[in-house]
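Have a look at the structure below before the remarks.
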Amino acid sequence: MTDEEFRDRLDRYGGDLALWPTDAARDARRLLLRSVKAQAMLDEMVTMELALCQPEDRPPPDLAERIFAAAFRLPPSDRSFDEDGDQPPRLM
């Protein structure tokens with residue numbers, strides 16, 4: 001396996017060699033023993049995959065509720081409703 005073939009398989013299968021097809025993983029391990037460039041590519045892929053699955057990259061669990069509440073918040077009103085049929089302002 002060449003460095004270019006290794007890069008192609010990294011893009012296809014990801015940084016966990018255990019998830020690669022058996023033959024490709026075997027060849028990749030052999031390449032990693034002798035290629036600093038392949039080692040760097042694997043390190044880069046694993047770092048990127050770990051960064052993409054970090055939980056702090058997710059929005060807060062109550063974000064949708066906060067947006068909804070802010071979108072429909074009405075300005076305070078001095079006027080109260082009376083029995084003459086006054087209706088509250090419509091939201092939509």
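The values are calculated or read from the model by the stated rules, or taken from the named source; none is laboratory data. Treat the numbers as computed from the prediction; the structure is a model and nothing was measured. Note that we place each Cβ from the backbone using ideal geometry, even for glycine, and neighbour counts take in every protein chain shown. Keep in mind that these areas ignore ligands, DNA and RNA; they rest on the heavy atoms of the full protein, side chains included. Shrake-Rupley method; radii C 1.70, N 1.55, O 1.52, S 1.80 Å.
Things worth noting here:
- First in segment 25-42 and open to solvent by 70 Å² or more (accessible area, probe 1.4 Å), second anywhere and part of a helix (DSSP H, G or I) and charged (D, E, K, R), Cβ under 6 Å, 6 or more apart: Lys37/Asp3
- Boolean, Phe72 is surrounded by 10 or more Cβ atoms within 10 Å (Cβ to Cβ) and at pLDDT below 80: no
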